[in-house]
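To keep things clear, I will list the structure first and then write my remarks on it.
The values are calculated or read from the model by the stated rules, or taken from the named source; none is laboratory data. It should be emphasised that the depicted structure is a prediction, and the values quoted were computed from it without experimental measurement. For neighbour counting, all protein chains shown are included, and Cβ atoms are generated from backbone atoms with ideal geometry for every residue, glycine included. Accessible surface areas use protein heavy atoms only, side chains included; no ligands, DNA or RNA. Shrake-Rupley method; radii C 1.70, N 1.55, O 1.52, S 1.80 Å.
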Amino acid sequence: MAYRLSKPHQGLPLRVTLALSIILASVCLLATRSPPSLASGIAVRQQAFPVGRVSNFRAVPKTGLRSASREVAVRDSLEVEVDSKGRERLAFKEDGWKTWNWKGHNINYIQSGDKGTPIVLVHGFGAHAYHWRYQIPELSKNHRVYSLCLLGYGWSDKAPDAPYSAEFWGNQVSSFMQEVIGEGAVLVGNSIGAVTALSAASSTPDLVKGLVMVNAAGRFGDMAPDATGDPGANPEPEVEASGPLDALKDFVTDGFASLIFYSTRFRIPLILKQVYLDRDQVDEPLVKSITAPALDPMALQTFQSIYRAPGRGRATVNQMMRRLPQSMKVLLLWGQQDPWMQPEKADQIMKVCDEQGLECEYVPLVAGHCPQDDNPKDLNDNLVRWVNTHF
């Protein structure tokens, strides 16, 4: 039985949604008003290349925000701190963590835990591995946890010429499971990271034990298939040669992306406070972690390339969901106060689950676009419960 919220929100036009999502993601740096006094409900439904590295971060000025930490401990060679509410989280580290080479690029990732089912955490637009700071200590108590920076983000290399898309990053995640973990894993993604995880699950289902999507961003509905009849046949579309009109379009697009990049970079705390329900979560470590990558010399060019990523995707969320095997278990964790990807998007995914006979569970949370950092306790409780139940 499914318990629904009252009236679904009206969605914004796709282009507007993408623009707004990109503004937010420059901060949550491309896709993430006052909090209601609600307890989070639970609705369960079962139907069933080479460029410079970002490691040479520049010093980030003090933000005036509190650090919100009281003590620091070391676990699995990682520093774990306690915030002002007594919750454990990963401590911010300016020079990043471990490195893996993928397609000639250095990819940064965090690893913790030495037992249990592997879990891979995939961040959203403009974010990074550290955006899962509250999940890494909690999940690693009983599972092996990996949180990676997608190419172009965080502590990973900036590659302006890469053909960024959900399929491209999905290929990165699949390669990570094969080369670093050595086996399949549960994938957990937020925003475009959720669509990236979905792309990996739909293209390499033998590597994915389960799929968790947190406020998934991307294109929904259906679109025409390619010449082969498969809307996702090419996981990494080539960058096509440009004519004069394409060059003009790219010039305008790059100009718009540059405007978003610079206007957002100097307003990160303000924008975050507009999309986080718990504004105390917008603290100094979070702001520093988002500001530092934007200071990389290749950040603007990479941002311009990533801004074009939605147009490179070969399949929508609905189409990728239909390619999942019926054995795939899916969990939706959705912040109900998300100004960009409203709860109706979760309803669309659940409808596809019904049609395909997939075993899907939907848990609404009191949070904005990034529940893992906005409301970490409720997200952790439901994620741990679901993983422990199925794996």
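Think of a 1.4 Å ball rolled over the protein heavy atoms: the range 78-141 then has 31 Å² of accessible area per residue.
Per residue, what accessible area does the range 299-391 have, given a 1.4 Å probe and all protein chains present, in Å²?
Numbers: 2660 Å² over 93 residues.
On a per-residue basis, the range 299-391 sits at 29 Å².
Give me the percent of the accessible area of the range 317-391 that comes from carbon and sulfur atoms, probe 1.4 Å, all protein chains in place. Reported share for carbon and sulfur atoms: 46 percent.
What chymotrypsin sites (Phe, Trp or Tyr not before Pro) in the range 103-144 are in a loop by DSSP, with at most 12 other Cβ atoms within 10 Å of the Cβ?
Working: sites: Y109, F125, Y130, W132, Y134; in loops: F125, Y134.
Listed in order of number, the matching sites amount to none.
Sorting E167, E94 on solvent-accessible area from highest to lowest, probe radius 1.4 Å, gives E94, E167. Going down the table (K329/K377; K98/K288; K103/K273; K141/K351; K273/K351; K93/K141), which pairs top 29 Å between alpha carbons? With Cα atoms farther than 29 Å apart: K103/K273; K141/K351; K273/K351.
With all protein chains present, how much of the accessible area of the range 79-226 (probe radius 1.4 Å) comes from carbon and sulfur, to the nearest whole percent? So the carbon and sulfur contribution to the accessible surface is 41 percent.
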